[in-house]
1. From the phi of every residue in the range 108-119, what ³J(HN,Hα) in whole Hz does the Karplus formula 6.51 cos²θ - 1.76 cosθ + 1.60 yield, where θ is phi - 60° and glycine or proline is x?
2. Over all alpha-carbon pairs of the range 12-129, lay out the pair-distance distribution in 10 Å bins, whole %, shortest bin first.
3. Under a straight-distance cross-link criterion of Cα-Cα below 25 Å, which lysines are reachable from Lys101, leaving out those fewer than 8 residues away in the same chain?
4. Could you give each residue of the range 275-285 its phi-based ³J(HN,Hα) in whole Hz, using Karplus coefficients 6.51, -1.76, 1.60 with θ = phi - 60°, and x for Gly or Pro?
5. Give me the distance between the Cα centres of the range 83-151 and the range 321-358, rounded to whole Å.
6. Less than 11 Å Cβ to Cβ from Lys313, Lys/Arg counted +1 and Asp/Glu -1: what total charge do the surrounding residues give?
7. For the range 334-340, what does the Karplus curve 6.51 cos²θ - 1.76 cosθ + 1.60, with θ = phi - 60°, yield as ³J(HN,Hα) per residue in whole Hz, taken in order and with x for Gly and Pro?
8. Quick check: the angle from helix 244-265's long axis to the longest principal axis of the chain, C-alpha only, nearest 10 degrees?
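Please treat every number below as a calculation from the coordinates, not as lab data. If you're wondering where the values come from, they're calculated on a predicted model, not measured in any experiment. With ideal geometry, Cβ positions are generated from the backbone for all residues, glycine too; neighbour counts draw on all protein chains shown.
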Amino acid sequence: MPSNPTDPTALAGGGESGLPEALRSPTKNVKAGWVASIVAINIGINIVFFAPINVLLGLQATEIDAGSKEAILSLVTACGASVALVANPLFGALSDRTVSKMGRRSPWILAGAILGAASLLLLSGATTVGLMLLGWCGLQAGANAAYSSVTATIPDRVPERRRGAIGGLAAMGQTVGVLLGAVVGFVISGNIAVGYFICAAALVVSVIPYVVRPNDPPLPREFRESFNLLDFFKGFWINPMVHRDFGWAWLTRFMMNTGNQMTIVYLLFFLTDVVRYPNPAGGVLILTGIYAVMVIISAVLVGPVSDRSGKRKIYVIGSSIVVACSALIIAVSQNFTGAILGAAVLGLGFGAYLAVDFALLTQVLPSATSRGKDMGVINVANALPQVIAPTLAFISVKLLGGYTALFIVAALIGICGALLVRNIRSVP
């Protein structure tokens, strides 16, 4: 046995013949049932993220203090996202080292769902900002433990030639979750507790098809890296000067998600205070439905096209520009018709972006032995905007000229992210 058995280059002359299945580069196509279980988890996780973000937390903040609802919402979402920043790479790294008959990822998917459901039940009875913070932070910890683990299963199991298509299906699951989250916000008729109960049930049910089947190749104990606390936390730093493409890919995703998060974080308040739509929760559902349909269409179509062409960057750049244009449409119109058009354009661009950018990211991971941790670091680019975007949105609305400024700033951030994709060299 080599001194460092988890180093692929130390085995078989740099090959993978001596590695267990859990650490090899995947070559076999995955089955439809496995893909369906991944889509189901994405649906469940995104229901519990977006039903609260789009509607439930806003209604709860309004009940606690209507005059400070924006500040409360920004505080709660920012603190929760701060937890996600730590939870995503932490649980991803722990799953890389997990030795279990269930495999590396399944235990964390199950545990994350249980913690997330318990936190949603706490939120259902929260009547103070403190309890809202505790519940939302607990949910972010649990849901991100599950999300970092399920995200790592794709580079674990899916060959590179199929990742655009599978990424598109995962994006479809994410979008269906966003849509169902809006449905939850609409059908509860102001009963916040019922909304949280529905979310908790959806999260638990969504993980069952995956965890009850032997989906994860187990990691042999002798291939588990030795644990040293200092080295463990040092491992979260991935030097962008050494892994340049990984660094640029992370930065572009961070900027895209910041712009996108700014567009949606105050959507309920935008419809209430600017558009003055008579049923803001219903308006959120309509816009989310239009967005979701367009995301599903573009993700399912563009992902396989990218696989066949072997190109990623041109699709990421083009879709990023389309997303930025959607924010400009809403900024200029500021009525419900413009919001409908903006939602359609946003879905068209973001669906293509989600499918192809995910495939691109899996191709620039630094190491096969730390996919969970590395995908967790990538997922920080999803979570960190939830800290920054509410603050930028609050500043834009209160200090820079209202919602017009908010959407213009979001568009500019997205365009900058699109331009930076050109710096990635190893992926065409």
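1. 7, 5, 5, 4, x, 5, 5, 4, x, 5, 4, 5
2. 10, 31, 29, 17, 9, 4, 1
3. Lys101 reaches Lys28, Lys31, Lys373.
4. Result, rounded to whole Hz: 6, 6, 5, x, 10, x, 4, x, x, 4, 5.
5. 30 Å
6. Details: positive: Lys311, Arg312, Arg422, Arg425; negative: Asp245, Asp357.
Taking every other residue near Lys313 into account, the sum is +2.
7. Going residue by residue, I get 6, 9, 5, 4, x, 5, 4 Hz, with x marking Gly and Pro.
8. 20 degrees
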